[in-house]
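Student: One structure coming up, written as structure tokens, with questions to follow.
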Amino acid sequence: MAGIMECVPNFSEGRDPDVVDKITDAMTSVPGIRLLDRSMDAGHNRAVVSIIGSPGAVGEAAFRGVDEAAQLIDLRRHRGEHPRMGAADVVPFIPLRGVSMAECVDLAKHVGERIGRELKIPVFLYEEAATRPDRRNLADIRSHQFEGLLKLVGTDPSWKPDFGPNATHPTAGAVGVGARGLLVAYNVYLSTANQAIAKAIAKAVRFQTGGLRYVKALGIAADDAGRVHVSMNLTNTSGTPIYRVVEMIRSEAARYGVSVVESEVVGLVSTDALLDAAEHYLQLNSFSRSQVLEYRLLEDAFALTESRRGFLDTTVQGFSDQVASAEAIPGGGSVSALAGALASALVTMVTRLTMGRKRFVGVEGRMKELQQRSEALRSRLLGLVEEDSAAYGEYMEAFRAAKTGEEAAGLALREASLKAASVPLETARTSMQAMELAHEVAVDGNSVARTDACVAALAAHAAVLGACLNTRVNLPSLAPEQRPGELEAEATGLEERAADLLPRVLALGKG
């Protein structure tokens, strides 16, 4: 079965649904992405979004969410009970099925590098992706919040981000990008408005201050109903079940003469976590998970998921079979994007064959940088495999609708035509970058792998030319006065750059 990864980004907006809609729309515009959940909390002024998909699609969707949030959210005007350091506050990648934690770490680094480079937002890696022990715990990174980071980043060397500028973004702040296992966001409300009691109970229950293992907790101020609550992340509900957390909070609350009023799950929770609580409170004897109807239906659910897979979730054979079919999708644009992605993968291979060898110690840092860049390009180009087919599909639908002669249909066709031309141009731009990286690793990388760098350049060159062809083929559907001349000019410029660079790379392979 294809690998599935989850991403649960948290955004610093819990009061304006239009803003959150725009962010989630940006994320779900990536083909192959499924929105599982979206929750907003006005008191925290925070939204939590859960998406799943293939690693390439999830990485692209996460980047688009951060990009959109940075444009829409101004932390200078943000107030809420929950600690935050960024418009897009945290972006964790989580392995679900057929994906390893190591792959999530790699994706966190690739997306983090791209956020820092393209959006100019500083990135701190945390949890399994952390590059330093003191940054593993997200709470430690976020402890100074947005306002504190404005003073620390750029002045205190210990607060130099992992990626991006050494300065906090003036409105979007900073973002934590990480890799972790499944957790449950869980709140327990108390029959008091006294925040000191909530803080005392949070201190008793959280692991960092002597409480339960796998529990992170904060005492949050009273809501509109006049209740405080203990806000928690339960990072391993097998190690510390939810019912054990509830019972400890209930016991601690009794010390202060208050009681548990209710609790809530924010976002998603696993069935096993809830069944653990059911078994405990119902005192079920000899209960088996196989007695749960939904578990019996799981195989059918997986079969349904498989039937809806995107191109990136299929095998090499499966993709080639789809290309060879009589359908127009996937076509030359998607194949060009895949060629660019493979070129980037070869660049990464050369960097890995260079790093860690004594005779290349002088270029170790440079190779690490090139690897991060090539992997970011690979992730982007894999996303473009899906995007190109989706854009062409939208164009064909608009073309058929435009035959009605309605004005709205004509406008929709123009937009679809521009998109169908713009997506392959983005493939050409990105593949050109991959070709330039191939040249760099051919010059400075391990000479044993120099021919691999040449193959990368050839694949990237083909991707540039193929994508530019697809850009041009979609422009004639527009009236001459509607065609943006800059698209044609940029395509020509990219072709010329690629033609100039290719012989220089190939010459290195013959040396």
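The values are calculated or read from the model by the stated rules, or taken from the named source; none is laboratory data. All values reported here derive from a predicted model rather than from experimental measurement. Ideal geometry is used to build each Cβ from the backbone, glycine not excepted, and the neighbour counts take in all protein chains shown.
Student: Which residue pairs have Cβ atoms closer than 9 Å, lie 6 or more positions apart in sequence or on different chains, and pair a first residue in region 64-83 that is free of Cβ contacts under 8 Å to residues at least 60 places away in the same chain and of a type in the set (S, T, N, Q) with a second residue that is surrounded by 22 or more Cβ atoms within 10 Å (Cβ to Cβ) and not in a helix (DSSP H, G or I)?
Tutor: Pairs that qualify, where the first residue is free of Cβ contacts under 8 Å to residues at least 60 places away in the same chain and of a type in the set (S, T, N, Q) and the partner is surrounded by 22 or more Cβ atoms within 10 Å (Cβ to Cβ) and not in a helix (DSSP H, G or I), are Q71/A87; Q71/A172.
Student: While we're on this one: On the phi > 0 side of the Ramachandran plot, at pLDDT below 95 and assigned by TED's automatic domain parsing to the domain that holds A341: is that true of G410 in this structure? Outline the logic, then answer.
Tutor: On the way: on the phi > 0 side of the Ramachandran plot: no; at pLDDT below 95: yes; assigned by TED's automatic domain parsing to the domain that holds A341: yes.
For G410, the condition - on the phi > 0 side of the Ramachandran plot, at pLDDT below 95 and assigned by TED's automatic domain parsing to the domain that holds A341 - is not met.
Student: For region 211-221, indicate whether the set of residues that are under 23 Å from the mean Cα position of the chain (by Cα), within 20 Å of G86 (Cα to Cα) and either of a type in the set (D, E) or crowded, with 20+ Cβ neighbours inside 10 Å (or both) is non-empty.
Tutor: No, region 211-221 contains no residue that is under 23 Å from the mean Cα position of the chain (by Cα), within 20 Å of G86 (Cα to Cα) and either of a type in the set (D, E) or crowded, with 20+ Cβ neighbours inside 10 Å (or both).
Student: Is it the case that region 48-58 has a residue that's surrounded by fewer than 18 Cβ atoms within 10 Å (Cβ to Cβ) and touching a Gly at 6+ places or on another chain (Cβ under 6 Å)? Before the answer, list the steps.
Tutor: So in region 48-58, the residues surrounded by fewer than 18 Cβ atoms within 10 Å (Cβ to Cβ) come out as 50.
Add one more test, that the residue is touching a Gly at 6+ places or on another chain (Cβ under 6 Å), and what stays is 50.
Yes: region 48-58 contains one or more residues that are surrounded by fewer than 18 Cβ atoms within 10 Å (Cβ to Cβ) and touching a Gly at 6+ places or on another chain (Cβ under 6 Å).
Student: On to the next question. Starting from residues that are crowded, with 19+ Cβ neighbours inside 10 Å and more than 12 Å from L346 (Cα to Cα), keep the ones in region 446-461 and report whichever is modelled with the lowest pLDDT.
Tutor: Per the stated criteria, the residue is N446.
Student: Being aliphatic (A, V, I, L, M) and surrounded by fewer than 14 Cβ atoms within 10 Å (Cβ to Cβ) is the filter here, so list the residues in region 244-277 that pass it. Please lay out each step first, then the result.
Tutor: Here is the first cut: in region 244-277, the ones aliphatic (A, V, I, L, M) are 245-246, 248-249, 253-254, 258, 260-261, 265-266, 268-269, 273-275, 277.
Scanning region 244-277 gives a single hit, A254.
Student: Right, here's the next one. Would you check which residues across region 167-193 are surrounded by fewer than 22 Cβ atoms within 10 Å (Cβ to Cβ) and closer than 13 Å to L119 by Cα and list them?
Tutor: Selection gives A167, P170, T171.
Student: Tell me which strands (runs of 3 or more DSSP E) are completely within region 181-274 and hold 2 or more residues being under 22 Å from R142 (Cβ atoms) and of a type in the set (S, T, N, Q), or say none if there are none. Step through it out loud before you land on a result.
Tutor: On the way: elements: 184-190, 215-220, 229-234, 260-266.
Hits in region 181-274: 229-234.
Student: G65 passes all but one of (1) under 26 Å from G318 (Cα atoms); (2) touching a Pro at 6+ places or on another chain (Cβ under 6 Å); which number fails?
Tutor: Exception for G65: condition (1).
Student: Looking only at residues that are crowded, with 23+ Cβ neighbours inside 10 Å and among the hydrophobic types (A, V, I, L, M, F, W, C) in region 413-431, which one is modelled with the highest pLDDT?
Tutor: Taking region 413-431 first, the residues crowded, with 23+ Cβ neighbours inside 10 Å are 416-417, 420-421, 423-424, 427-428, 430-431.
Still in the list and also among the hydrophobic types (A, V, I, L, M, F, W, C): 416, 420-421, 423, 428.
Working: A416: 78, A420: 82, A421: 82, V423: 87, A428: 93.
Among those residues, the one meeting the criterion is A428.
Student: Can you find even one residue in region 416-435 that is over 27 Å from G112 (Cα atoms) and of a type in the set (S, T, N, Q)?
Tutor: Within region 416-435, one or more residues are over 27 Å from G112 (Cα atoms) and of a type in the set (S, T, N, Q).
Student: Would you point out which residue out of A42, A102 is within 20 Å of N137 (Cα to Cα), surrounded by fewer than 17 Cβ atoms within 10 Å (Cβ to Cβ) and free of Cβ contacts under 8 Å to residues at least 40 places away in the same chain?
Tutor: A102
Student: Right, next: Just to check your reading of the model, which residue among R244, R227 is in the same structural domain as N194 (by TED's automatic domain parsing) and either at pLDDT 95 or above or touching a Pro at 6+ places or on another chain (Cβ under 8 Å) (or both)? Talk me through it step by step, then tell me what you get.
Tutor: Working: R227 fails: either at pLDDT 95 or above or touching a Pro at 6+ places or on another chain (Cβ under 8 Å) (or both).
The unique qualifying residue is R244.
Student: Please state which one of L275, L284, L346, L268 is under 30 Å from A449 (Cβ atoms) and either at pLDDT 85 or above or assigned by TED's automatic domain parsing to the domain that holds I220 (or both).
Tutor: Details: L275 fails: under 30 Å from A449 (Cβ atoms); L284 fails: under 30 Å from A449 (Cβ atoms); L268 fails: under 30 Å from A449 (Cβ atoms).
That would be L346, the only listed residue that is under 30 Å from A449 (Cβ atoms) and either at pLDDT 85 or above or assigned by TED's automatic domain parsing to the domain that holds I220 (or both).
Student: Any residue in region 204-224 that is free of Cβ contacts under 8 Å to residues at least 12 places away in the same chain and among the β-branched types (V, I, T)?
Tutor: The initial filter retains those residues of region 204-224 that are free of Cβ contacts under 8 Å to residues at least 12 places away in the same chain, namely 207, 209-210.
Now narrow it down to the ones that are among the β-branched types (V, I, T): 209.
There is at least one residue in region 204-224 that is free of Cβ contacts under 8 Å to residues at least 12 places away in the same chain and among the β-branched types (V, I, T).
Student: Being in a helix (DSSP H, G or I) and surrounded by fewer than 24 Cβ atoms within 10 Å (Cβ to Cβ) is the filter here; which residues of region 111-120 pass it? Outline the logic, then answer.
Tutor: Of the residues in region 111-120, the ones in a helix (DSSP H, G or I) are 111-119.
Hits for region 111-120 are E113, G116, R117, E118, L119.
Student: Answer yes if at least one residue in region 244-252 is in contact with a helix residue (DSSP H, G or I) (Cβ under 6 Å, 6 or more places away or on another chain), small (G, A, S) and over 23 Å from A47 (Cα atoms), and no otherwise.
Tutor: No: zero hits.
Student: Take the residues in region 426-437 that are of a type outside the set (D, E) and over 23 Å from the mean Cα position of the chain (by Cα), then tell me which one is farthest from A337 (Cα to Cα).
Tutor: Within region 426-437, the first condition is being of a type outside the set (D, E), and the residues that meet it are 427-435, 437.
From what is left, the residues that are over 23 Å from the mean Cα position of the chain (by Cα) are 432, 435, 437.
On the way: M432: 11, M435: 13, L437: 16 Å.
Here the answer is L437.
Student: List pairs: first in region 129-155 and within 19 Å of H82 (Cα to Cα), second of a type in the set (S, T, N, Q), Cβ under 7 Å, 6+ apart or cross-chain?
Tutor: Going by the 7 Å Cβ cut-off, the qualifying pairs are L149/T168; L150/T168.
Student: Could you please find all residues in region 222-248 being of a type in the set (S, T, Y) and under 31 Å from the mean Cα position of the chain (by Cα)? Let's see the steps before the verdict.
Tutor: Here is the first cut: in region 222-248, the ones of a type in the set (S, T, Y) are 231, 235, 237-238, 240, 243.
Answer for region 222-248, where residues must be of a type in the set (S, T, Y) and under 31 Å from the mean Cα position of the chain (by Cα): S231, T235, T237, S238, T240.
Student: Which residue is farthest from A391 (Cα to Cα), if the candidates are limited to region 21-47 and must be in contact with a Leu (Cβ under 9 Å, 6 or more places away or on another chain) and aliphatic (A, V, I, L, M)?
Tutor: L36
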